[in-house]
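Below: the structure, in structure tokens.
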Amino acid sequence: MKKTTPSILIIGGGVAGISAAQTLSHQDIIVHLVEKDDTLGGHAALWACMATGSCENCGACLSIEMADQILKQKNVTCHLDAMVETLIKKDQGYEVGLNNKETFFVEKIILATGFSPFDPVQIKSLHHDAYENVITTARLNTLLKEETLSEYLNGKADPKIAFIQCVGSRNREQGKDYCSQVCCKISMRHANKLVHLYPEADITLFHMDLQIIGKEVRPLFSTLSKNIELIQGVPAEILEDAETKMLTIMTEAKENQTKNNQTPKNQTRIARAFDLIVLSVGMQPSQNLENTAKLLGISPNSWGFFNTDQAMLSADVSVAGCAKGPKDILASQQDGRMAAARIIDELGLTHDKKPGIAVFGQGSQADQTAMAIAAKGYSTYLFGPGTNLCDDTQVTILNNSKLISISGTAGNFSIFYESPFDESIGSKKTTLTCAAIIAAHEPIQSQKPLSGLTNKPASLDALSQMIEKTPDDCPDNIAVLLDYHGPEFKSSARLALNTAIKARSLRKNISVIMNKMLVHGESGQRLYDTARQQGVDFLRFETSDDIDIRDSGNGFLIKLKEATLPFIELNLNCDCLVLPPVVLPGTEFKDAAALLRQPLDKQGFLQSANTRHRLTRSSRKGIFFAGSGHDETDQEDLNNEIKDILSELSSQAPYWTKLDQAKLDSPQIDTGVEINQKKCAQCLTCIRICPHGAIVMNEKNRPQIVPNSCFSCHLCVSNCPAYAIESKELSNDLIAQKIETNKIVILACERSAALAANNLCLPDNITLIKIPCVCRISSDIILKALLNGAAQVIVSGCHEENCRSFAGSRVAETSVKNISRLPGVAASKIMWEPVAANETAKFKRIIAKASE
């Protein structure tokens with residue numbers, strides 16, 4: 001019987017849809033990607049780059065790179081400027097008809113229709129339709145991307161700019177009592193970008209509760225909060241001065257606010273004037289989702305999403321990205337991968353052979369990860385102290401073994417470890433071969449003491465356990481103090497809400513004192529609302545200095561300057577004061593990162609915040625991250641991370657080709673790089689510097705590139721002292737041949753600057769040479785370009801901390817600086833210009849300046 005190739009329909013060409021298509025493109029599957037617009041990338045492709053001195057990890061540039069890559073896949077057909085018009089259910093799938101009269105048959109469907117931004121015209125008091133300088137975050141993105149914001153600010157160097165959060169989110173009156181998840185991140189990045197562009201600007205951010213969640217946001221907030229004003233409370237109305245066009249917001253007066261150097265007396269509200277007000281609009285379902293859902297015979301929930309049990313799906317339809325519910329770019333990308341992996345599994349296209357997988361870490365998250373991997377049939381090995389797993393599980397427990405070193409690549413890692421001392425045989429050193437490694441370490445959660453108190457606060461976990469197991473022991477008056485030692489983690493905020501609701505069910509008095517409330521997830525806002533409806537008191541403070549905690553007999557007296565009542569000090573007595581734990585990097589994180597050859601993030605947690613490898617991946621194929629040791633995760637996040645990792649293990653070649661090389665179905669990857677063994681001096685420079693661990697010592701003790709692990713960045717080419725590593729198409733001589741006399745040469749990264757130039761018509765005096773990564777550029781290439789008569793050399797790659805190979809931008813910038821210091825080389829002859837894929841206007845400006 002002839003084997004048929006299955007076909008899949010993906011509706012929506014945004015981040016989730018493209019991500020799903022990329023995952024499916026590695027399989028023997030025909031993919032039809034239908035997008036209503038004439039370009040791919042969705043809303044993310046329209047966003048501006050938020051980089052300042054370095055990348056701010058928004059991920060917007062990824063959508064342009066993903067769109068460029070998917071158009072090159074042979075088994076993916078992109079139907080642009082098209083919509084699904086008919087869907088006829090057949091026994092084994094659907095007959096699809098597009099509005100351009102194309103028809104085809106598919107077995108499965110992925111719905112990835114994205115979102116539509118909330119239209120603030122619906123809130124009349126904000127006057128978005130009447131006042132020119134009341135704009136949305138979407139409009140601000142456009143102005144930043146096109147570099148035309150100054151037109152709105154009348155050339156002012158010190159503009160007054162306000163952001164108003166939660167416009168169309170967390171709004172019961174609008175039927176949108178959910179948090180859109182991304183608005184706070186977007187506004188904080190916008191504000192940070194504006195501070196960079198206008199150092200003298202006066203920026204104010206009005207908010208309900210800033211959602212400071214995730215490894216990329218916490219460091220940003222730490223810096224940004226020192227440079228802008230944060231005000232609790234969302235203004236109800238915006239007014240405009242007819243003559244000056246200044247915009248006015250009425251806001252609560254604070255004791256430290258002044259007007260004309262006079263402290264306001266008995267004044268609860270004051271007027272604030274701004275040049276520009278930015279409305280941070282929430283996400284709502286795509287305008288086309290309802291019609292598409294009817295065609296598919298499925299129905300969303302009351303919000304219009306598919307993120308609660310109210311939504312109804314069919315067996316052959318998967319929903320991904322923002323069609324499921326509000327998500328940021330990285331989460332949408334992950335969701336697309338998982339949707340595709342489910343289809344691959346349902347079609348029986350996963351590989352039968354299950355290689356060995358090692359899990360590193362201690363605690364319940366490592367246990368859960370190991371058990372989930374083992375349940376899928378993988379031989380699973382758990383390293384790390386403190387497991388609760390039994391010896392009779394499917395997991396091989398090596399929790400008392402000492403890890404010594406890791407070598408090899410995806411599909412063939414060698415883990416060298418020492419087993420515990422045994423009196424009969426002593427200690428034994430062993431090598432374990434496995435296909436992948438998952439780092440599931442957990443951070444330290446410590447109870448930070450409060451100085452000067454006799455009574456000790458209780459932990460949040462202890463109170464939760466008490467209410468659950470011994471409710472009769474629960475105190476009558478409880479105060480939970482969040483954000484006291486810094487921004488809270490979302491797991492603590494969620495546990496505080498659940499615990500408060502349970503305490504109220506026991507008729508206990510409970511107050512939650514906080515700077516903000518994190519309402520992540522689809523149920524976050526509803527849980528918060530439930531707690532308030534049940535009688536939980538929520539009190540706010542601005543800084544920890546607003547709280548004075550004292551002993552009070554057997555309890556505590558809390559003196560609080562309540563943020564919403566600025567001239568009143570509250571006295572709160574409680575029997576039990578509860579503090580969440582302080583979350584800190586584990587003591588073993590530094591050693592674990594060194595063992596895995598991976599950088600830590602800015603706060604010392606595992607995994608860099610670099611968007612090109614998140615959420616679970618790393619710069620070394622086959623090494624993954626899961627759990628709270630690398631990012632702010634709850635149980636749902638951990639489950640998704642495990643599914644995401646499993647999707648790659650089951651569908652990608654590197655994890656099974658080593659097991660059966662003779663039956664390898666896919667062609668060997670051409671990296672464009674090879675080692676000339678006749679020139680190789682075996683200095684091992686390439687092995688030391690490769691950020692992807694893709695160069696190993698072979699059985700002849702010579703360096704060898706492993707194609708399945710190579711990212712083709714060419715860093716090894718530019719750093720080989722013996723010139724033994726050669727590039728087939730980008731050798732120094734071949735690059736030099738492309739350089740023309742008296743022309744400006746731009747050496748552009750194919751994933752960033754070259755994509756930014758895609759839609760530009762370059763002047764005749766410009767020669768653009770695409771390179772896989774700017775780390776390919778060495779000093780000798782720049783010198784050859786100048787000696788060959790180049791009028792100017794511009795090296796343009798990713799922003800710092802956005803390079804897929806981590807060091808690319810630093811290497812290129814260093815090469816430029818080294819050449820510019822040479823005698824006889826004018827500084828104007830060579831430049832380093834970082835440009836993201838979505839910075840076309842910036843690239844155009846650079847060209848114009850160079851051509852003057």
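Every number in this text was worked out from the coordinates using simple rules, so none of it is lab data. If you're wondering where the values come from, they're calculated on a predicted model, not measured in any experiment. Cβ coordinates were reconstructed from backbone atoms using ideal geometry, including for glycine residues, and neighbour counts include every protein chain displayed.
Details
- Length gained when the stretch Asn154-Glu636 is fully extended (0.36 nm per residue, less Cα-Cα span): 168.8 nm
- Separation between Cα centres of the range 60-85 and the range 377-396, rounded to whole Å: 41
- The range 352-425 shape via C-alpha gyration tensor axes, a/c threshold 1.5: oblate
- Dipole axis of the chain (+1 Lys, Arg; -1 Asp, Glu on Cβ), positive-most option in Gln525, Thr52, Ala593: Ala593
- Reachable lysines, given that their alpha-carbon falls under 16 Å from the alpha-carbon of Lys829 and they are not under 8 places away in the same chain: Lys743, Lys784, Lys817, Lys849
- Between Leu71 and Lys376, the FRET efficiency estimated from the beta carbon spacing at R0 = 25 angstrom works out to 0.15.
- Three-way shape call for the range 120-283 based on the alpha-carbon gyration tensor, with the a/c threshold at 1.5: rounded
- Extension reserve of the Asn758-Tyr723 stretch, reckoned as 0.36 nm per residue once the Cα distance is removed: 9.4 nm
- Mean shadow area of the range 732-851 over all directions, Cα convex hull, nm²: 6.5
- The chain: proportion of alpha-carbon pairs further apart than 55 angstrom, %: 14
- For the range 120-283, share of DSSP beta bridges that run antiparallel, in % to the nearest 5: 40
- Its relative contact order, with pairs defined as Cα atoms under 8 Å and 6+ residues apart, puts the chain at 11 percent.
- DSSP beta bridges in the chain [antiparallel fraction, %, rounded to 5]: 45
- Cβ-placed point charges (K, R +1; D, E -1), dipole of the chain about Cα centre in debye, nearest 20: 1780
- In a fully extended conformation the segment linking Thr587 and Asn400 would gain 65.6 nm over its present Cα-Cα distance, using 0.36 nm per residue.
- Ranking Ile212, Pro235, Leu111 by Cα position along the charge dipole of the range 100-257, where only Lys, Arg, Asp and Glu carry charges on their C-beta atoms, puts Leu111 farthest toward the positive end.
- Packing, taken as the mean count of other beta carbons within 10 Å per residue, orders the peptides 525-531, 674-680 from highest to lowest as 525-531, 674-680.
- Mean separation of Cα contacts under 8 Å (6+ apart) over length of the range 732-851, as relative contact order %: 33
- Along its principal axes, the range 401-489 has C-alpha extents of 57, 36, 30 angstrom, given from the largest down.
- Stokes-Einstein D for the range 446-583, Kirkwood Rh over Cα pairs, 4 °C, 1.567 mPa s (µm²/s): 86
- Distant-in-sequence amide H partners of Ile510 (H built 1.01 Å from N, under 5 Å): Ile478, Asp537
- With each label modelled as a point 7 angstrom along the Cα→C-beta vector, the Ser851-Lys679 pair spans 3.7 nm.
- At 1.002 mPa s and 20 °C, Stokes D of the range 670-726 from Kirkwood alpha-carbon radius, µm² per second: 194
- Lysine pair number, Cα distance threshold 29 Å (strictly under), the range 397-483, separation 8 or more or different chains: 5
- The lysines within cross-link reach of Lys376, meaning a Cα-to-Cα straight distance under 24 Å and a gap of 8 or more places when in the same chain, are Lys108, Lys353, Lys354, Lys621, Lys643, Lys658, Lys663.
- Less than 5 angstrom separates the built amide H of Val319 from those of Leu111, all sequence-distant by 5 or more or on a different chain.
- Expected 222 nm ellipticity per residue - DSSP helices of 4 or more, -39500 (n - 2.57), all of the chain, to 500: -7000 deg cm²/dmol
- Size descriptor, Kirkwood hydrodynamic radius, that averages inverse alpha-carbon separations across the range 143-201, Å: 13.2
- Set of lysines near Lys679 by C-alpha distance (under 20 Å), chain-local residues within fewer than 8 positions excluded: Lys700, Lys728
- At R0 = 22 Å, FRET efficiency that the Cβ-Cβ distance of Lys89 and Leu46 yields, to 0.05: 0.05
- Farthest toward positive dipole pole in the chain [+1 Lys/Arg, -1 Asp/Glu at C-beta], among Leu40, Asn192, Leu432: Leu432
- If you take the Cα centroid of the range 765-814 and the Cα centroid of the range 486-544, the two points sit 51 Å apart.
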